[in-house]
Amino acid sequence: MSARGGFGLLIRRRRDRRIAQVMLAATALLWLFPAWSALREALKVDGLGNFVSLFSNPLGGIPIWRTYLNSVLNGIVHTAVVLGVSLPAGYAFGKLRFRGRETLFYATILFLAIPGTAILVPLYHVTQELGLFNTHLGIGLPEAALTVPFGVLLMRNYADNVPDTLLEAAVVDGAGHLQTFTRIFVPIARPAIVNLFVMCFMWSLQDFLWPTVFNTHPEMTTAAQAVATFHNALSASPVDSARYSASLVLLALPAVLLVVFGQRFITSGLTSGAIKD
Amino acid sequence: MRRKLPGEGRTAVLFLAPLFLVYALYFAYSFWFLIGTSFTKVSIGFSNAVAVGWKNYRLLLTDPAFLTAIRNNLLFAAASIAVSLTVAFAIAVLLASGIGGRRLYYAIFLVPALTPIALVATVFSRMLQYQDGALNQGLRAIGLDGLTEHWLTDSGWAFLAVIGLLAYLIGLPIMYYTADLAALRTDVLEAAVLDGAGPLLIMRNVIHPMMRSTHITVTLALLLGSFRAFEVVLLSTGGGPDNTTEIVGTYTYRFVTSAGSTIGYASAASVLVLIVAMLVSVVQVLVTRTKRGASR
């Protein structure tokens, strides 16, 4: 996008461009202030020693890497379930003709915004009955349930853009829908799968509610959950406070890296999954 | 559109079976269980439930804290919508104008919204501590001691602190605007520029109205998101002081995690929240369907 055409017209005068640059830079600095304040506190008292001590003497006895690993393992369950449900459902809603298709689709996406806290009571009961406390399945499944409506929407939107003729040829050749789905649709849908994959991991890293309620064993603690559990494991002394800030910086690391490197997939996934045409 | 083939209905059932399974267990069963529990007095062990009829709902609707939570939910949503339609929109337009460092800026605004909210909220709450918080320390360092405040324990400031935190998370609206701006026809801008309109005027009177469908997407997404993001409040103000910043998420969470026979009550609250969330979703779907219909 050049500065001359399109929206570049807005800042074609030098004075306007200066103002725009200053405003953006000032806003960005404001946005970086919290990160800077956390870093500054993390380096208080012992400097980098705060980070080192987190490895030699983990907070609450849980090494940071273990919380990353737990988030990733939950993410694997989360992703597997979401893909396993959304891919065939997206194909059915986008490419199959059957009675009540639209009604069923809209009924499905009505659940896009179910707040996790609102189904906390029943899911506590379900998790208890199935004996899934302190398991990756017990966290990954509720995460997946909340993501499935979005996944179905994303896959249906994607299926809508796959030309019918591409799949028809296979169906007419007698391949049947199951084969058309596995041999043609799934490979074609790879970009959507990658987007959904990255987002599921991101949401698992973000998830605070389910781990906090369903994990009672320290060794199952996830990265987002550790924000609270580490705090409880510390005293109010300046040293501990600095160590806690250091742990916050480290806990942010995987999510920040995922967002920075997966930005393309997240952006394209979220924008194509918005309910709009 | 090709014609329907024989047996396609049965194939559809097969392809949708996993979806039905997830919905049956996690949504249908959940709702049924919640409704049942909401008419009882029971603890989280779910044994020895006592039927209490509509009592939980009566208590709930007369509890000022619950009504405050609903009101706050809507106010916080309104605040983040207002910030998004103005600040996020302006940032997206500036980024689209081909200004230098576009990718870096985009990342700076997007990352907070996509990292764990629990973490961002915690960092905020530490930053706003009265004694050691970076904000007050910064103010003291530049001699503005008079401006230091009890950001999290004064009810007015705590309310604004939550709004500030929500404003900090406008990365997603920026993303939606950026995506849709890229698809916008810009020849209208040329005409406006030729007419001698300044950048602000063009942004407000030409581009902003053209982004109507994005405004709707953003508004509905934020409204629905406001019921989900309970960590924002839980880990910044904790709903305090005196429940003044409580939202429905933290309210329900508090009753689910507190000891005692509060689960029936929490279930009744959940049922009401679900009804509201589903109603907003119905509006969202209806708006989208009309748009789809109109554009075909």
Of the accessible area of the protein assembly as shown, with the probe set at 1.4 angstrom, what percent is carbon plus sulfur?
-> 66
Convex hull (Cα only) mean projected area of the stretch B:37-295, reported in nm² to one decimal = 18.5
If the cut-off is 19 Å between C-alpha atoms, which aspartates and glutamates fall inside it for A:LYS44, apart from same-chain ones fewer than 8 positions away?
-> A:ASP240, B:ASP132
Average partner chain C-beta neighbours within 10 Å, per residue of A:211-220?
-> 1
Provide the per residue accessible area, probe 1.4 Å, for chain B, rounded to a whole number of square angstrom.
-> 45
Of the DSSP H helices in chain A, those whose Cα atoms cover at least 30 Å axially and whose Kyte score averages -0.5 or more | A:14-42, A:64-95, A:136-161, A:238-272
If R0 is 35 Å, what FRET efficiency do you get for B:LEU59 and B:HIS150 from their C-beta distance, rounded to 0.05?
-> 0.60
For A:GLN128 and A:ALA175, compute 0.36 nm times the residue count separating them, minus their Cα-Cα distance, and round to one decimal in nm.
-> 12.5 nm
Let me have the relative contact order for chain B, percent, based on Cα pairs under 8 Å that are six or more residues apart.
-> 31
So, in nm, how far is label B:LEU67 from label B:ALA28 when the simple model puts each one 7 Å beyond its Cα toward the Cβ?
-> 3.8
Amide H to amide H, which residues 5 or more places from B:THR40 or on other chains are under 5 Å from it, using H placed in the peptide plane?
-> B:VAL52
All Cα pairs of the stretch B:117-242, percent lying beyond 24 Å | 49
Cα-based shape type of chain A, given that a ≥ b ≥ c are square roots of the gyration tensor eigenvalues and the cut on a/c is 1.5 | oblate
Based on Cβ point charges of +1 for Lys and Arg and -1 for Asp and Glu, what charge dipole magnitude is obtained for the protein assembly as shown about its Cα centre, in debye rounded to the nearest 20?
-> 1640
Within the P(r) computed for the protein assembly as shown, what percentage of the Cα pairs occupies the region above 31 Å?
-> 53
Dipole magnitude (debye, nearest 20) for chain A, charges at Cβ of Lys, Arg, Asp, Glu | 1340
Check: the stretch B:136-263 dipole with +1 on Lys, Arg Cβ and -1 on Asp, Glu Cβ, in debye | 240
Can you give me the relative contact order of chain A as a percent, contacts being Cα pairs under 8 Å and 6 or more apart?
-> 32
Accessible area, 1.4 Å probe, largest first: how do A:VAL162, A:VAL172, B:VAL287 sort?
-> A:VAL172, B:VAL287, A:VAL162
1/(1 + (r/R0)^6) with r = Cβ-Cβ of A:THR103 and B:VAL193, R0 = 45 Å, i.e. FRET efficiency to nearest 0.05, evaluates to 0.40
May I ask for the longest run of chain B untouched by chymotrypsin sites (Phe, Trp or Tyr not before Pro) that are loop-located per DSSP and have at most 14 neighbouring C-beta atoms (other than their own) within 10 Å?
-> B:131-296
Mean accessible area per residue over the stretch A:178-277 (1.4 angstrom probe, all protein chains present, square angstrom) is 38
Only helices at least 30 Å long along their axis, Cα-based, and averaging 0.5 or more on Kyte-Doolittle count here, so list those DSSP H runs from chain B.
-> B:263-295
Area hidden from solvent between B and A (accessible, protein heavy atoms only, 1.4 Å, total, Å²) = 9500
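The values are calculated or read from the model by the stated rules, or taken from the named source; none is laboratory data. Remember, predicted model here, so these are calculated numbers, not experimental data. Every residue, glycine among them, receives a Cβ derived from its backbone with ideal geometry; neighbour counts consider all protein chains shown. Ligands, DNA and RNA are stripped out before the accessible areas are found, and what is left, the full protein with its side chains, is counted by its heavy atoms. Shrake-Rupley method; radii C 1.70, N 1.55, O 1.52, S 1.80 Å.
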